[in-house]
1. What does the helix-only formula give at 222 nm for the chain: each DSSP H stretch with n ≥ 4 adding -39500 (n - 2.57), the total divided by the residues, and the result rounded to the nearest 500 deg cm²/dmol?
2. Using a basic spin-label model with each label point 7 Å from the Cα along Cα→Cβ, how many nm lie between Asp17 and Glu97?
3. List the relative contact order of the chain as a percent without decimals, with contacts defined as Cα pairs under 8 Å and 6+ residues apart.
4. Using a Förster distance of 41 angstrom, determine the FRET efficiency expected from the C-beta separation of Asn211 and Glu66, and round it to 0.05.
5. Using 0.36 nm per residue, how much length does the chain from Leu227 to Ala138 gain when fully extended, once their Cα-Cα distance is taken away?
6. On C-alpha positions alone, give me the angle between the axis of helix 227-239 and the longest principal axis of the chain, in degrees, nearest 10.
7. Write out the GluC sites (Glu not before Pro) in the range 228-308 meeting two conditions: DSSP loop, and at most 13 other Cβ atoms within 10 Å of their Cβ.
8. Measuring from a point 7 Å past the Cα of Leu170 along Cα-to-C-beta, which residues in the range 307-327 have an amide N at less than 14 Å?
Amino acid sequence: MTVTTAMTTRPVDVHDDADVAAWHAAMVTVEAHELGEHAVTWTLPELLVALREPRKDRRWVPYVGEVDGEVVGYGDVGLPLLDNLTSAEVGVGVLPEHRRHGYGSQLLRHVEQVAAEHGRTRLDAMASWPYDGPGDGAGTPGVEFGRVHGYALGLCDVQREMALPVDEELLERLAAEAAPRHPAYELRTWTGAVPEDLVRGYVELDASLTNEAPTGDNEYEDPSTDLEAFRTREAILAKQQRTKFSCVALDGEGTVVAYTDLVLVGHDPRWVMQWGTLVHREHRGHRLGLAVKAANLLAMQRSGVDLADRCVVTWNAEVNDHMIGINEQLGFVKSARCGELQKKP
């Protein structure tokens, strides 16, 4: 549709609190419009840290679209710097009351041009919609917008949530049922930075998650295992007041063969994020996925942190039956859908 009032697109000044706040407010409004109470967005304090702290592995550039000085939409470009060097992550959103004027298309053209200027030819994007919507996203605003602009939906994910605290008797029972399947393995839990004796194995296993988990029709390179970049990300997490709880399984030689992470969001009393969970393919069949998840939840709940009124939120590919089965045993319920889209050269 033709733009009826001229919109200007400009980069956000990441060192201007008010400018970042306007970008963040637009993002929160758009996500809430799509998913209501199930929208999961960064808080402003987290965002300020993420945009201002230098990283060697990624650059993130936000933009706003304005009409007569009023923010009507936003965009962003994420540029991997150590891997996936021909790809970029792009996102755009338009406030509901300003849609159907072509602003979204204009923002998308702008962020695509930025990606092209950095030599990026494969573009990755996400779209979300309510759980009771179509499983393939057909007819939903984000997926249809992407399709019109050359983005194919390569993988459908389901967002799930689980109220905290989880019944500890349930967790202990599940752990006990799994234990006879992995007597040769040791479970270790910790809070915060990965211990030095585990960090190399942890980072290498974590990096393999990108392609060990279902990817559908999408294409990705494994991320870098650069330890300096990883430690920088840990430091940024701490500055954001996010607390990470982790559990790994070690084989008889002390090698990390399974892991899981939970991240408590300090600036938002609603969420704990379930991040990656993976068992090395050579060590599957021992119920280690369930074991590390149950042990990590128990460790977090016994750590003394206030979990009242929080939920754990996670996303799984709809075809990932094994992990979905574990999550359902723990008590996760479906809450929303999202799609991973790609525009390939």
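1. Calculated at 222 nm, the ellipticity per residue is -10500 deg cm²/dmol.
2. Placing both labels 7 Å beyond Cα along the Cβ direction yields 2.6 nm.
3. For the chain, the relative contact order is 22 percent.
4. With a Förster radius of 41 Å, E is 0.55.
5. Full-extension gain reported as 28.0 nm.
6. Taking the Cα atoms of the chain, the angle to 227-239 is about 80 degrees.
7. Counting only loop positions with at most 13 other Cβ atoms within 10 Å, the GluC sites (Glu not before Pro) in the range 228-308 are Glu253.
8. 311-313, 325-327
The numbers here are math on the coordinates, done by the rules we state, and not lab data. A quick note: this is a predicted structure, and the numbers were derived from the prediction, not measured. No Cβ is skipped: glycine too gets one built from the backbone with ideal geometry, and neighbour counts run over all protein chains shown.
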